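To start, the structure itself, in structure tokens.
The values are calculated or read from the model by the stated rules, or taken from the named source; none is laboratory data. Note that the structure is a prediction, hence the values are computed from the model and not measured. Virtual Cβ from ideal backbone geometry, glycine too; neighbours counted across all protein chains shown. Ligands, DNA and RNA are stripped out before the accessible areas are found, and what is left, the full protein with its side chains, is counted by its heavy atoms. Shrake-Rupley method; radii C 1.70, N 1.55, O 1.52, S 1.80 Å.
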Amino acid sequence: VRGSAELEEIRACAVEDVPAQEGRVITVHGRPIALFRASSGWFALDNTCTHQGGPLASGLLSEESVACPLHERRFELSTGRALDHDCGAVASYPVEVRDGAVFLGVPVARSDEGEPA
Amino acid sequence: MDELGIAVQLERQTEEIFGNGRVEGLRFVGGDELRADLVVVSIGIRPEVTLADLAGIDCNRGVIVDDRMRTSEDRIVAVGECAEHRGTVYGIVAPIYEQVKVAADTLLGRDEGLTTKQEVMAVTRAGTGCGSCKPLVAELIQVAGGGGEESHYLCACRKQTREQLAGQISDHGYEAVSEVSQACGTGRDCGLCKPALAYLVSEINDNRHREERGARHINDRVHANIQNDGTFSVVPRMRGGVTTPDQLRRIADAAERYEVPMVKVTGAQRIDLLGVKKEDLPAVWRDIGMPSGHAYAKALRHVKSCVGTDFCRFGIGDSTKLAIEMEERWEGLHTPAKVKCGVSGCPRNCAEATVKDIGAVAVEGGWQVVIGGAAGGTVRKGDVLTTAETPEQALEAATAFLQYYREHGEYKERTYDFVPRIGLERIREEVLGEAAGARLRERFRLAKAAAAARDPWLERDEPYHPYQFSELGAVDGDGADSNGAEPALVGPPEGAEL
């Protein structure tokens, strides 16, 4: 998703809404995204682990990775790349912090996915 | 074969084995004969490659392996008569011994410089599922000559042992995981050792540490056990497996009100509400009105008991009373790994106390204290630590052992590994001596006074963070400032200490 042209920016939460060294789920257009407040910065990945669907937002963070709470499959925070396993990557999203708020870049919701034209 | 002095005759068809009373030779088609005192009939080896073939692994005559014994599927190795290495399928044993050594190196990641169980597990994922093959991995490393005594690293990435880190924490007076991470780098790479470090920091500070929930597993952030679908299980404390109609009514009401998908009686003589949503946890706890059973934590889980002298006509010791006392005394304290206990009121041992981490069995004239038992993936009959005259003395000895384990156990090391590692004799010396035992019990009392004074489920009213039990909600609008769905906050966030 990162690098894709059609991103919209949404305000996800206030900085203090996510406890230090933890993650929380924000559901954007029905897609659960894990927003992480790591010691190395803010990151966002798809919440659903590619191994058995565990909630990555509840995982253990290091400076570079999150480990799924179910079976410890790890993903790189900055890219979503799978680390030491072959279950596949998760999508990553750009995050920016401004004026105490956290903003997330997510794919624009297509109009044909919304109300019928 | 010629060089070995053996004449090989190919393409011969035997017509008859002849002799009078015993074999004298072979007659081939065409009439010529071969004299023989002994005839051995043998057929060749044809590898059974159907399974490998179906799995899409490259096969020729045998399963094709490279110089590291790897098949075309990276994570599968093949050795022996099924394997074809550089065009050869070996049918004799000497080259296969070599193959096994190479395969062991490959499995152990030796070519990647891996020499410890933890490194091998990280690369191969062996032992990271149910974990029951961990001892086998360790044994493989030993068999393959993987050096001498293996260090157990608390932080595998930085190769730091528990002892080294404990020294750093004591010397510098660190009181939080982040302080140790900053100073020593522990937990900064993969992060998986943070719960182990959190335990160590709390243990060394007698639980007067600065708690950082981000260093804990999700189970210890929300005091419930995460299930495969992301929901949680709720197990209230039910000491000694004894409950009341009132408790059962409240559990039943909560189960109905929150539409709990499964209510299960556990093997630990208590009740599990399975499938509870994270955001419902505080309300479920409030309605049940019972303290946490710590079924999600590395801590004392439960003390299973039989009926004992109250009702049983065979009972010779009051097992339920001792079990309840034991549970009250130990509950709420973290331990290196979970601790399951049992108390039986007679040697019939209905509470299975001899296969618990710590057990007590009433015998004529006293109580046998048993440690290091297990009846899970590993089955181990516990060792008798001592036989005490009174239940109080049994509890004292057992408490000293529990504290000794808290101070010396590796994180995730169950007592069934800990006891044989340290040795029963040494444990007896460290635990049963009057002065040493008293010191252990005093440190236990200190730790308990700080940690267990509070039921973690009281965080239903005083969450450590307003979003402790909630997510951030949903955004469905069309861009900035569309965060219309405010998340439901749990507890009374107004004025709560953040």
Worksheet item: Under the rule that a partner needs its Cβ under 4.7 Å from the first Cβ, which Cys of chain A have none?
Response: A:Cys13, A:Cys87
Discussion item. How tilted is helix B:194-204 with respect to the longest principal axis of chain B? Cα atoms for both, answer in degrees (0 to 90, nearest 10).
Written reply: 50 degrees
Discussion item. Spelling out what I want: for every residue of the stretch B:391-400, take phi, set θ = phi - 60°, compute 6.51 cos²θ - 1.76 cosθ + 1.60 (Karplus), and round to whole Hz; glycine and proline get x.
Written reply: x, 4, 5, 4, 5, 4, 4, 5, 5, 4
Worksheet entry | Antiparallel DSSP beta bridges within chain B, percent to nearest 5 | 75 percent
Practice prompt. State the antiparallel share, in %, of DSSP beta bridges confined to the protein assembly as shown, rounding to the nearest 5.
Written response: 85 percent
Discussion item. Rounded to the nearest 100 Å², what is the buried accessible area between B and A, both sides summed, probe 1.4 Å?
Written reply: 3200 Å²
Practice prompt. Mind checking the per residue accessible area of the protein assembly as shown for me, 1.4 Å probe, whole number of Å²?
Written response: 49 Å²
Worksheet item: Using the Cβ atoms and a cut-off under 12 Å, what net charge is assigned to the surroundings of B:Glu211, where Lys and Arg are +1 and Asp and Glu are -1?
Response: +2
Worksheet item: What does the average come to when, for each residue of peptide B:461-469, you count the partner chain Cβ atoms lying within 10 Å of its Cβ?
Response: 2
Worksheet item: Average partner chain C-beta neighbours within 10 Å, per residue of B:189-195?
Response: 6
Practice prompt. Could you check how much of the accessible area of the stretch A:7-117 is carbon and sulfur, as a whole percent, using a 1.4 Å probe?
Written response: 45 percent
Worksheet item: Just how far, in whole angstrom, is the stretch B:57-134 from the stretch B:194-230 if you go by their alpha carbon centroids?
Response: 38 Å
Fill in: Relative contact order [Cα under 8 Å, 6+ residues apart], chain B, whole percent
8 percent
Discussion item. Per-residue Cβ counts within 10 Å, from other chains only, averaged over A:54-63: what number is that?
Written reply: 6
Worksheet item: Which percent of the accessible heavy-atom area of chain B goes to carbon and sulfur, probe 1.4 angstrom?
Response: 51 percent
Item to complete: With +1 on each Lys and Arg Cβ and -1 on each Asp and Glu Cβ, and nothing else charged, work out how big the dipole of the protein assembly as shown is about its Cα centre, in Debye to the nearest 20.
Response: 1780 debye
Worksheet item: Assigning unit charges at the beta carbon (Lys, Arg +1; Asp, Glu -1) and nothing else, what dipole magnitude in debye, to the nearest 20, does chain B show about its Cα centre?
Response: 1380 debye
Worksheet item: Any idea what the relative contact order of the stretch B:1-71 is, in percent, if you count C-alpha pairs under 8 Å spaced at least 6 apart?
Response: 15 percent
Worksheet item: In degrees from 0 to 90, rounded to the nearest 10, what is the angle of the helix B:434-451 Cα long axis to the longest principal axis of chain B?
Response: 70 degrees
Worksheet item: Between rounded, prolate and oblate, where does chain B land on the alpha carbon gyration tensor, with a ≥ b ≥ c its root eigenvalues, rounded for a/c under 1.5, else prolate if a/b exceeds b/c?
Response: prolate
Response to the item:
In degrees rounded to 10, the 0-90 angle between helix B:245-257 Cα long axis and the longest Cα principal axis of chain B is 70 degrees
Fill in: Cα shape, the protein assembly as shown, gyration tensor, a/c 1.5 rule
oblate
